[in-house]
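Here is the structure we will look at, set down as structure tokens.
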Amino acid sequence: MRIVVLGGYGNFGGRICRALAARGGAEVIAAGRDPDAVQRVAGLDPGIGRARIDLGAHNFASALHDLSPSIVVHCAGPFQGQGYHVAQAAIDAGAHYIDLADGRDFVANFAERMHAPARAANVLAVSGVSTLPALSSAVLDNVSRRVSSIKEIRIVIAPGQRGPRGAATLAGVVSYAGKPFKWLSGGEWRDAYGWQELQRVHIEGLGARWAAACDVPDLALLPARFPGIETVEFRAALELAIQHFGLWFAADLRRRGITVPLERWVLALSRLAHALNWFGSERGGMLINVLGMRDDGSRARIEWQLTADANHGPEIPCMAAILLAQKLVRGEIATRGAFPCMGFLALADFEAEFKRWKIATVIREAAA
């Protein structure tokens, strides 16, 4: 089998290429429009092939077809506002498709748009094969066994300041900063605003941080997965308060109708964040806080927490794509069609990856 990783020279794509090549079972090709960048990534391992391909070119579909992929892994974000032409090209090439999309509409609407073409081509196409919703839903599926129903879900991701950050990830965040989106709160859909809705959170091994609202696929997908749920919220918590509140202030100006061209400043903001690395750490984490009801009518508060040290945090968004691609290589998934990445991977699958990178997790349960 041949796995083509689009954006295979990027922050996440390079990690996925190296992991899949090291584990064997398939030929791995790092593909992108910058041949020098592809050369640098692929040069780390002689087993990784290289291909020049531009997702925006008129001949993209035919160029991808010519690579004869068995699996296409799409890492070339940002996915906010992106269409499904890459997924369609992969399907037309007869390949299974995996993406690391974090755009809410992109992932939430993926199945409706791509299910029929994927079924007709007898391939599997899966979107959101990353921390959200792949890992978050795996954790929640595990936690849901402890209670009869779930009433509230609050998720926080807290990256380490010194962790490598891609421009596409930052572009995705600023695309909705200060803009309204819907989230379920207290049983009602209400407006939240990107990088607003500040809340103080505590994460194992990280201490207290400020966290702000982000528009992510889980806000749309989890209410359907857990009927009767009343609250689903997601926030991100930067390590440095000055950086966190700087973005909060820019988002607040936007919310008030003042033009702040954050999208044009992505590269400058990325350089500024890098300049502040000296004041931060290599430690990041994740928190999933659940309020559930037990069979006897009592309430339970369950918290799953993760802590990643030594700049291993960026490995986490790559794990689901690596795991799912390996399952496809081994022929372990018979499902065909298009889906968000929920139910394809269990928490136990991720735990083996956590052990590989010495990432610590803990789960606590108490009466609420």
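The values are calculated or read from the model by the stated rules, or taken from the named source; none is laboratory data. These figures come from a predicted structure and were not determined experimentally. In this analysis, Cβ positions are derived from the backbone assuming ideal geometry, glycine residues included, and neighbour counts consider all displayed protein chains. Remember, those area values only see protein heavy atoms, side chains included, never the ligands or the DNA or RNA. Shrake-Rupley method; radii C 1.70, N 1.55, O 1.52, S 1.80 Å.
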- request: Could you tell me which residue of segment 172-190 is modelled with the highest pLDDT, considering only residues that are crowded, with 20+ Cβ neighbours inside 10 Å and not in a strand (DSSP E or B)?
  value: 178
Count of segment 192-223 residues which are assigned to a helix (DSSP H, G or I) and at pLDDT below 95: 0
- prompt: Which residue out of 51, 90 is in contact with a His (Cβ under 9 Å, 6 or more places away or on another chain), free of Cβ contacts under 8 Å to residues at least 60 places away in the same chain, at negative phi and hydrophobic (A, V, I, L, M, F, W, C)?
  reply: 90
task: Hey, could you check segment 231-261 for residues that are of a type in the set (Val, Ile, Thr) and without any contact (Cβ under 8 Å) to a residue 24 or more places away in the chain and say which is surrounded by the most Cβ atoms within 10 Å (Cβ to Cβ)?
output: 258
message: Cβ-Cβ distance below 6 Å, separation of 6 or more or different chains: which pairs start in segment 320-335 with a residue that is touching a residue at least 24 places away in the same chain (Cβ under 8 Å) and closer than 14 Å to residue 21 by Cα and end on one that is charged (D, E, K, R) and surrounded by fewer than 22 Cβ atoms within 10 Å (Cβ to Cβ)?
response: 323/349
field: segment 111-149 - residue that is under 19 Å from residue 89 (Cβ atoms) and touching a Lys or Arg at 6+ places or on another chain (Cβ under 7 Å) and, of those, surrounded by the fewest Cβ atoms within 10 Å (Cβ to Cβ)
entry: 122
field: Cβ-Cβ under 7 Å pairs, at least 6 apart or on other chains, segment 127-150 side closer than 15 Å to residue 103 by Cβ and assigned to a helix (DSSP H, G or I), far side open to solvent by 40 Å² or more (accessible area, probe 1.4 Å) and of a type in the set (D, E, K, R)
entry: 132/102
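Has segment 34-46 got at least one residue that is among the polar types (S, T, N, Q) and either assigned to a strand (DSSP E or B) or within 20 Å of the chain's Cα centre (by Cα) (or both)?
If we filter segment 34-46 for residues that are among the polar types (S, T, N, Q), which is where we start, we get 39.
Retained after the next criterion (residues that are either assigned to a strand (DSSP E or B) or within 20 Å of the chain's Cα centre (by Cα) (or both)): none.
No - not one qualifying residue is present in segment 34-46.
Pick out the one residue from 118, 168, 87, 158 that is of a type in the set (A, V, I, L, M), touching a strand residue (DSSP E or B) at 6+ places or on another chain (Cβ under 7 Å) and within 24 Å of residue 195 (Cβ to Cβ).
On the way: 118 fails: within 24 Å of residue 195 (Cβ to Cβ); 168 fails: touching a strand residue (DSSP E or B) at 6+ places or on another chain (Cβ under 7 Å); 87 fails: within 24 Å of residue 195 (Cβ to Cβ).
Only one candidate qualifies: 158.
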- prompt: Among (1) open to solvent by 20 Å² or more (accessible area, probe 1.4 Å); (2) of a type outside the set (Lys, Arg); (3) in contact (Cβ under 8 Å) with a residue 24 or more places away in the chain, which single condition is residue 297 missing?
  reply: (3)
